[in-house]
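The values are calculated or read from the model by the stated rules, or taken from the named source; none is laboratory data. Here the structure is a predicted model, which means the values were calculated and not measured. Every residue, glycine among them, receives a Cβ derived from its backbone with ideal geometry; neighbour counts consider all protein chains shown. SASA here: full protein model, heavy atoms, side chains in, ligands and nucleic acids out. Shrake-Rupley method; radii C 1.70, N 1.55, O 1.52, S 1.80 Å.
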Amino acid sequence: MDKVKELYGEYIAQVQKLEKEKKIGDGLFGMGKKISDDPCHECFSDKLEKLLKEYAVSKPASAEIREVLSYIYSVQKENKEYLSAYWLMNAVHGFTFELIDILSREDASAVYELYDKNCPRRERFPVQKKVLKALKIAAE
């Protein structure tokens, strides 16, 4: 859990720094640098995917997975003002399927309820619909 929080913290700090250094007009009409093009996004995604795969292989307890998934599924709501990070933090939910498969029914049900609440229907993307479906199946 600590490694996941640390990775998210570093990523959010990088995005905040980019936002502070942004010049007026950056990214408009193809001029300047768009924050969404910064390599920090891909780096975060790659590191998180690797971290979650290693974590799944270690076969952690269901309660630990519940804590990690609850964090991953909630952190983007707290950082909605950083749009370039917000969209990616939603997209990386697709890296959690291996962990969902390890959850107990009770933990899967609790995470399902949290996810359903945090991701209103009108804001769901295909990956979020797949995560909800996987959580629902794990809870049955």
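Just a few scattered comments:
- Test: residue in region 26-37 that is modelled with pLDDT of 95 or more and either in contact with a Ser or Thr (Cβ under 8 Å, 6 or more places away or on another chain) or farther than 23 Å from residue 100 by Cβ (or both): no
- Residue check, residue 86 of a type in the set (Phe, Trp, Tyr) and open to solvent by less than 10 Å² (accessible area, probe 1.4 Å): no
- Test result for residue 98, assigned to a helix (DSSP H, G or I) and free of Cβ contacts under 8 Å to residues at least 24 places away in the same chain: no
- Every condition in (1) in contact with a helix residue (DSSP H, G or I) (Cβ under 8 Å, 6 or more places away or on another chain); (2) open to solvent by 30 Å² or more (accessible area, probe 1.4 Å); (3) at pLDDT 95 or above; (4) not aromatic (Phe, Trp, Tyr) holds for residue 72 except the one numbered (2).
- Within region 45-69, the set of residues being open to solvent by less than 30 Å² (accessible area, probe 1.4 Å) and not hydrophobic (A, V, I, L, M, F, W, C) comprises 45, 60, 62.
- Selection over region 48-72 of residues that are under 12 Å from the mean Cα position of the chain (by Cα) and either over 12 Å from residue 8 (Cβ atoms) or not aromatic (Phe, Trp, Tyr) (or both) gives a count of 7.
- Of residues in region 101-140 being β-branched (Val, Ile, Thr), part of a helix (DSSP H, G or I) and open to solvent by 20 Å² or more (accessible area, probe 1.4 Å), the one farthest from residue 71 (Cα to Cα): 137
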